[in-house]
Structure formats: C-alpha cells, structure tokens
C-alpha cells in the first residue's frame, strides 16, 4: 500500500514511541501508540485510481459523501449559474485530493478561518480553506480544500501556472475535511446528495 509522504513523520513518530514503551515493559501505552501508528498509515493511504477518459468529464477531487448540491453563493468568480457540489471526508476516507479536470491552474487562494465540523454547511464559508481555479480553454472549474474540526493542515503541491491532468494528485487535507467543487453554468450533473464518490474515479459532471 502506497502512503502519502506527508504521513510518514506521524507514522514513524507513533511507531517509534510505541516500541520505546514496549522496551520499558509499558505494554498498554505501547500497544495504543502502535495501533495509532497503523491507523495513521491507513489514513494516509494513497491508492492508484483508474481515471475515466472522455472529453468534457469532471471527476471528483476527493473521496467521500456528497452532502450538498446547491447554487453557489451570489457573486461567485465563475459567474451566474455556478453549481456547488460539497463532499465530506470522514477520517476513514482517502484524503488525497485530485484535479477534477485537465488544465492550467490560474489561481490558488489560501484563506485562514475557523475549524467548524466539516459536515456543517457553514464550513464552506467560514473555515480555513484553499481555493484552486483551473482553466481548460474557455471553461473554468474551482475546488476548495476546506479544513474541519480535526483537520488543521491543508497541503497543496502545485502552483499557479502549473498544468495538471484530470485525476492527477494535487494535495491532501490532514485528518477529516471537506472539498467543495464549483461547476460553471451548462454542466450536466451526474451525482446527487447522499452519493459516495472516489477521487479521480467518480464522474461528477460533464461539460458542454
């Protein structure tokens, strides 16, 4: 199982501490630390994904459950008719984030904020977040990496002007989070509230 590089400091620290406790014959705390180390390795897993092929497809930027499909707030940068698709990631979901479309990164905007529970709809507006806008020709798509109650660290591995391909790994959010995807007018949705999606593999919408 491949593990994201950002997870190794946590995993290594917990396992080393657990072994140290075992050496001191402190078996209960040692076992707890080793168990936490193994769970952390599970959390930072980074599976390979088969990316759907075809013109105009928008894939999920994250694993999780679709908790909201609504019109985006007024004045959204993508313009009138923008649709917001919100995905909640529990601590049991893969937390690697992937590019929803191929294109060029035209903006990366980090904003500090609160740490409301990620399933709370207010988290989209109030929580710490990183908004990324991609452009493919005349089409722009945005997604936001949003921190949650436990998640306090957003990782984004790309920069403005970088090019990405659909389904490419672009970052992660540590320990529970939310990702909002914003689609321009004219996209045909393929998901609904309650659906479970997989980053890079599930089709969220198709573009004209």
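All of the numbers you see were taken from the coordinates with simple rules; none came from a lab. Remember, it's a predicted structure, so these values are computed and weren't measured experimentally. Cβ sites come from the backbone with ideal geometry, for glycine too, and all protein chains shown count toward neighbours.
Determine, for 102, 60, the number of other Cβ atoms within 10 Å of each Cβ, and report the residues in order from fewest to most.
By the 10 Å Cβ count, ascending, the order reads 102, 60.
Helix 8-23 versus the longest principal axis of the chain: what is the Cα-based angle in degrees, 0 to 90, to the nearest 10?
With rounding to tens, the tilt is 20 degrees.
Mind running the shape call on the chain? Use the C-alpha gyration tensor, a ≥ b ≥ c as the square roots of the eigenvalues: rounded below 1.5 for a/c, prolate if a/b tops b/c, oblate otherwise.
Because a/c hits 1.5 or more and a/b exceeds b/c, the chain counts as prolate.
Can you give the helix-only mean residue ellipticity at 222 nm for the chain, where every DSSP H stretch with n ≥ 4 adds -39500 (n - 2.57) and the sum goes over all residues, rounded to the nearest 500 deg cm²/dmol?
One gets -5500 deg cm²/dmol as the mean residue ellipticity at 222 nm.
Grab the Cα-Cα distance for residue 22 and residue 55, subtract it from 0.36 nm times how many residues apart they are, and report the gain in nm with one decimal.
Details: separation 33, 0.36 × 33 = 11.88 nm, distance 5.53 nm.
Fully extending the segment from residue 22 to residue 55 adds 6.3 nm.
Would you list 109, 168 from fewest to most Cβ contacts within 10 Å? Each step should come with its number before you reach the end.
Numbers: 109 13, 168 16.
Least to most surrounded, the residues fall as 109, 168.
Can you tell me the 0 to 90 degree angle between the C-alpha axis of helix 27-43 and the longest principal axis of the chain, rounded to 10?
Computed tilt is about 20 degrees.
If you take the beta carbon distance between residue 35 and residue 201 as r and set R0 to 25 Å, what does 1/(1 + (r/R0)^6) give as a FRET efficiency, to the nearest 0.05?
Given R0 = 25 Å and the Cβ-Cβ separation, E is 0.25.
Of all alpha-carbon pairs in region 47-109, indicate the percentage at a distance above 13 angstrom. Write out the running numbers ahead of the final one.
Values: 1422 of 1953 pairs.
Across region 47-109, Cα pairs with separations above 13 Å total 73 percent.
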